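Undergrad: Structure in structure tokens, see below.
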Amino acid sequence: MKPSFQATASVHLADSAPFVAALLDHLETHAEIERGPDGATILSPYGRVRLCYKPWGVEVAAASGSVEALATVKTFIADHVFEFAEDARIDWSGHGAGDTVPPHFQKMTVVDAFAVAPRMRRVVFRCDNVSALATAHHHHIRLLIPPPPARAPRWPRLSADGRMTWPQGEDALASRVYTVRSADLQAGTFAVDFVLHHEQ
């Protein structure tokens with residue numbers, strides 16, 4: 001898919017060269033890296049990121065084929081920036097700048113559940129944008145389970161620097177990653193298989 005969603009960021013750092021070197025060494029296990037004298041290019045199934053050295057730090061240009069993939073790229077870059085440079089500052093512009101609700105966040109409803117094996121249960125969910133779960137590079141979902149119904153759930157938010165802000169304390173969410181078994185675009189549903197660890 002041709003990248004059509006773009007965002008840029010100014011990453012302000014006291015010394016950018018050691019930071020970029022450490023970042024790229026780490027990212028080589030996650031993506032394809034092309035290094036150059038003025039920066040580097042990071043290529044992944046989620047999109048393309050160009051890093052350019054500047055006197056004040058690093059300029060980041062990200063491009064992806066969907067707003068969901070772009071948000072994933074921005075969060076990935078932001079998380080790693082602060083992992084290797086805690087005193088950095090990131091200012092994003094472009095698609096998604098200023099958004100506080102993650103574009104790939106969706107509320108899901110259970111519409112069916114049935115046994116597929118003695119200790120395996122398939123649960124079918126409905127959501128508004130099931131096509132976002134049926135892309136070539138998106139085979140997993142992270143299910144977020146809120147506290148008991150007596151408490152109104154608080155969901156994760158995007159901060160201005162691109163990182164995800166998670167509810168803490170009594171508002172903390174249970175989080176598990178699962179593989180999408182199948183998706184039905186016409187019905188707006190997808191299925192996940194759950195292993196039953198205890199007798200029902």
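The values are calculated or read from the model by the stated rules, or taken from the named source; none is laboratory data. Owing to the predicted nature of the structure, the values given are computational and were not obtained by experimental measurement. Neighbour counts are summed over all protein chains in view; Cβ atoms, including those assigned to glycine, are modelled from backbone coordinates with ideal geometry. To get the accessible areas, we keep the full protein, side chains included, count just its heavy atoms, and leave off ligands, DNA and RNA. Shrake-Rupley method; radii C 1.70, N 1.55, O 1.52, S 1.80 Å.
Undergrad: Within the stretch 1-59, how many residues are free of Cβ contacts under 8 Å to residues at least 40 places away in the same chain, open to solvent by less than 20 Å² (accessible area, probe 1.4 Å) and within 25 Å of A132 (Cα to Cα)?
TA: 2
Undergrad: Mind checking whether some residue in the stretch 81-104 is open to solvent by 70 Å² or more (accessible area, probe 1.4 Å), among the β-branched types (V, I, T), in a loop (DSSP other than H, G, I, E, B) and touching a strand residue (DSSP E or B) at 6+ places or on another chain (Cβ under 8 Å)?
TA: Yes, the stretch 81-104 contains a residue that is open to solvent by 70 Å² or more (accessible area, probe 1.4 Å), among the β-branched types (V, I, T), in a loop (DSSP other than H, G, I, E, B) and touching a strand residue (DSSP E or B) at 6+ places or on another chain (Cβ under 8 Å).
Undergrad: For the subset of the stretch 105-121 comprising residues that are in a strand (DSSP E or B) and open to solvent by less than 50 Å² (accessible area, probe 1.4 Å), which member is farthest from G65 (Cα to Cα)?
TA: It comes out as A117.
Undergrad: Something else about it: Looking at the stretch 60-80, which of the residues that are in a helix (DSSP H, G or I) and polar (S, T, N, Q) is surrounded by the fewest Cβ atoms within 10 Å (Cβ to Cβ)?
TA: Result: T75.
Undergrad: Considering (1) more than 23 Å from E32 (Cβ to Cβ); (2) surrounded by fewer than 18 Cβ atoms within 10 Å (Cβ to Cβ); (3) modelled with pLDDT of 90 or more, say which one S131 fails and leave the rest.
TA: Condition not satisfied by S131: (3).
Undergrad: Same structure again: Keeping to the stretch 152-200, report how many residues are surrounded by 11 or more Cβ atoms within 10 Å (Cβ to Cβ) and either part of a loop (DSSP other than H, G, I, E, B) or of a type in the set (D, E) (or both).
TA: Looking only at that region, the number is 20.
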